[in-house]
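The values are calculated or read from the model by the stated rules, or taken from the named source; none is laboratory data. Predicted, not measured: the structure shown is a model, and the values here were computed from it. Positions of Cβ are backbone-derived with ideal geometry, glycine not excepted, and every protein chain shown enters the neighbour counts.
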Amino acid sequence: MHNARVMINFMRLVVSNKNKRKRQFGLFQLFLWTNHSIMKLLYTVILSIVFVSCVDKNNDKTTVTIEDSEAQLNYHEPYRNQFHFSPAQKWMNDPNGLVYHNGVYHLFYQYYPDDIVWGPMHWGHAVSKDLVRWEHKPIALFPDKHGLIFSGSAVVDSENTSGFGTKENPPLVAIFTYHLMAGEKAGRTDFQTQGIAYSLDNGDTWTKYEGNPVIGNDGIKDFRDPKVFWHAETEQWVMALVAGDHVKLYHSKDLKNWQLASEFGRTPGAHGGVWECPDLFPLKVTGEDEEKWVMLVSINPGAPNGGSGTQYFVGDFDGTTFTPTQAHDWIDYGRDNYAGVTYNNTPNGERVFIGWMSNWQYARDTPTEVWRSSMTLPRGLSLHKESEGYILKNYPVASIKSLRSESSNSPEVSNDGQLSFEDNELQQSDITFEANLSQALTVRYQNKVGEDVSIVFDPLQKEITFDRKNSGETKFSEEFAPSIQKQSYIPKNELVEIRILMDASSIEVYVDKGRNVFTNQLFPSEPYNELKIQGEASSTIENFTSHNLTSIWNHHE
């Protein structure tokens, strides 16, 4: 109890002196890492003080939320990512309703406000002006008589086709899956239907359509995750909706009445698990006078390195039918990028992607205690035409650089060209360098207690491997690090950029501007403080830069 009182007094001091509220690994954070039992007691006390009730007037549901200013107390916990979005507390999974409107990027997400494991789903809500710094908003959508609120999308109905608003004040319309738990428990197969809701105040409050559901179910067990967009050429709304192991495409003129137009995917693609979270959008081919359509489909299980993953298809779309023109590939070969979708209505037509940074094989078991899971960094998608076909790259949005501090110390280079770099802030860093990957290369992060994570480029095997078996806490699940992750690559005799962003419990590796990507969670018992890059005797590392990244959770102080 004495230690708990000390911690409570310390937290009071932190709140009273905002200038000292740092979101980086320091003495306070290290104390937290090694005093979990004290923290459990402390969080119970703190959360009982700062929680307040809010009532959803439309559904007469009561839940708990947390004031944004007080929520900042919760961003010191062990493993809490400092520049990736996470809820202040409780469970989160899929990103939903990604839409830009009136200067604001909306991030809705699957949310259970009463526990840190999956439960009755709501839509949580956050907003940002730059896709980097986020402001928590009240819960947007609550369960009702039709069921829980599963994943979906949101659009700006600019022409007021729905009649929910006006042309002067067009509505935001959310399209989501209802999941009737009673129907599932009764053994029915029609328990997932599609509903809509609208907002006339840029997402602050929502009204559900009285005619819900807008799409019923004739007996498809997995029938969910609608992604909707306006197709200008045919002047209609298009919905991509998964149905077990394939995608159904629907048309609508008003977002209320939908007709089945076509199907895709019964044969193409990976089919090791259930399809989820589809997305369909056009992309200009970089450097070419050509446009193709890209379809994203998440699958669980069946990813190339186990569990959950997201595949993509490149092809053509005529407003009714999507036709792939090449075999599928994967947007990320790490194990923690799932259910990702892209933003509608972006300012300049950019295609911005966010994924849920977890894997259903162990998502419920990761060693956090106040909240569970984060999102990936927002990433710009680009399509490139190469000899082997079209390649979809994903790379952090430029605004991430606004979090960079001054460049860190220069690395030490030995006589044989090996690079060693020490920095106590590696656990919150953005490191970039160039290397010739036609030569073998190993990149390794390690800490003072011997834990490490490594990325190896093997040009003979034409393979990149990622190893987190000794990265820290892994025993919470046998599925977390059962083997080395692998991805094939083409070793070119030229310098290639490698960029690595390390956060408190995550690492994102981008090779060749996102041609090869690994996104993974890590739970080290101490922060990584040393980076080593080892190659062949003739190999060189050029243009090495390292930046510490500031926390996004103190931007309003």
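A few comments on the model shown:
- The range 257-301, subset surrounded by 17 or more Cβ atoms within 10 Å (Cβ to Cβ) and assigned to a loop (DSSP other than H, G, I, E, B), residue farthest from the chain's Cα centre (by Cα): 258
- Strands (runs of 3 or more DSSP E) contained in the range 313-426 and holding at least 2 residues assigned by TED's automatic domain parsing to the domain that holds residue 234: 322-324, 338-342, 352-356, 379-386, 389-396
- Some residue of the range 480-490 being closer than 23 Å to residue 373 by Cα, buried (at least 21 other Cβ atoms within 10 Å of the Cβ) and under 24 Å from the mean Cα position of the chain (by Cα): yes
- Selection count where residues are part of a loop (DSSP other than H, G, I, E, B) and farther than 29 Å from residue 429 by Cβ, scope the range 78-127: 10
- Residue within the range 227-236 that is surrounded by fewer than 23 Cβ atoms within 10 Å (Cβ to Cβ), under 24 Å from residue 124 (Cα atoms) and not aliphatic (A, V, I, L, M) present: yes
- Counted residues, the range 464-479 - those being surrounded by 15 or more Cβ atoms within 10 Å (Cβ to Cβ), in contact (Cβ under 8 Å) with a residue 40 or more places away in the chain and touching an Asp or Glu at 6+ places or on another chain (Cβ under 8 Å): 4
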